[in-house]
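Some notes on the structure that comes next.
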Amino acid sequence: MSVLITVRGSFSAFRPPERATAHVSLVLEASSSKVAYAGATKSAAVVTESLTELHNPDGGPVTWWSSDQVRTFAHRPWNNQGKQLPLVHRASVTFAAKFSDFDRLGTWIARTTAVEGATVKSIEWALTAAHREQLTREVRAGAVRDARDKAQQYADALSLGPARVVAIADAGMLEQGLNPTGNVAPQQFSRMAAAQEDSLVGFAPEDVEISSIIDAKFDVDAPQ
């Protein structure tokens, strides 16, 4: 006769970020679509030029960047008296740029937020792909050890013998029809305020968290 023990194991690791992806939005409004579009196009050209100068896939400081096309739409805003105002035309474009040098990132953000209509929406902190893969393996192993130790503690509390693993899976997948409830993914998002022209942005890179959660079943021989 044996006793079945089901446990959940988890493990997390934190590392300083190695990459930062800045997300920038350009939005300009005008009384005509043509004026709004021209303004957004002009501002987008300034940001594009700055990223092109910094772009170097191997050496950085910008290892990758992208942008979408200028988009236009119109809306009629309301004032605080509840009156609908004349039509306002808006043109917008977004940029994303991945930096390997955080000092250069701060300088670039300070200059970019001085561009008409530009706002830094967020910064996504991350590890390099190789480091993230290595750390993912480590935290998965840590989650397995946590589950094993927990199962053995339960067995010891019952004065039983060594716990033997029967099954192991991502959290939520041990029972048929269930989907995983845990994953291994870095937490990468942070918000920051717009900077003033020609000043470094005062931001602190956030540590990246890699975590793993698993479920496991163990059996232990029960005393006869």
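The values are calculated or read from the model by the stated rules, or taken from the named source; none is laboratory data. Quick caveat: nothing in here was measured; it's all calculated off a predicted structure. Counting neighbours? That spans all protein chains shown, and the Cβs are built from the backbone with ideal geometry, glycine included.
From (1) crowded, with 18+ Cβ neighbours inside 10 Å; (2) over 30 Å from W64 (Cβ atoms); (3) of a type in the set (F, W, Y), pick out the condition that doesn't hold for Y154.
(1)
I'd like to check something: does the range 174-197 contain any residue that is modelled with pLDDT of 75 or more and surrounded by 13 or more Cβ atoms within 10 Å (Cβ to Cβ)?
Checking the range 174-197: at least one residue is modelled with pLDDT of 75 or more and surrounded by 13 or more Cβ atoms within 10 Å (Cβ to Cβ).
Under the condition of being in contact (Cβ under 8 Å) with a residue 24 or more places away in the chain and more than 27 Å from K42 (Cα to Cα), which residue from the range 102-134 is surrounded by the fewest Cβ atoms within 10 Å (Cβ to Cβ)?
Filtering the range 102-134 for residues that are in contact (Cβ under 8 Å) with a residue 24 or more places away in the chain and more than 27 Å from K42 (Cα to Cα), the one surrounded by the fewest Cβ atoms within 10 Å (Cβ to Cβ) comes out as T128.
Say whether the condition of being over 24 Å from the mean Cα position of the chain (by Cα), surrounded by 15 or more Cβ atoms within 10 Å (Cβ to Cβ) and not hydrophobic (A, V, I, L, M, F, W, C) is met by at least one residue in the range 51-58.
No, the range 51-58 contains no residue that is over 24 Å from the mean Cα position of the chain (by Cα), surrounded by 15 or more Cβ atoms within 10 Å (Cβ to Cβ) and not hydrophobic (A, V, I, L, M, F, W, C).
Determine if the range 162-172 includes at least one residue that is within 22 Å of the chain's Cα centre (by Cα) and either touching a residue at least 24 places away in the same chain (Cβ under 8 Å) or surrounded by fewer than 18 Cβ atoms within 10 Å (Cβ to Cβ) (or both).
So far as the range 162-172 goes, yes, one or more of its residues are within 22 Å of the chain's Cα centre (by Cα) and either touching a residue at least 24 places away in the same chain (Cβ under 8 Å) or surrounded by fewer than 18 Cβ atoms within 10 Å (Cβ to Cβ) (or both).
Before we move on, is V70 within 30 Å of V139 (Cα to Cα) and either without any contact (Cβ under 8 Å) to a residue 40 or more places away in the chain or surrounded by fewer than 17 Cβ atoms within 10 Å (Cβ to Cβ) (or both)? Show your work before the answer.
Values: within 30 Å of V139 (Cα to Cα): no; either without any contact (Cβ under 8 Å) to a residue 40 or more places away in the chain or surrounded by fewer than 17 Cβ atoms within 10 Å (Cβ to Cβ) (or both): yes.
Answer is no for this residue.
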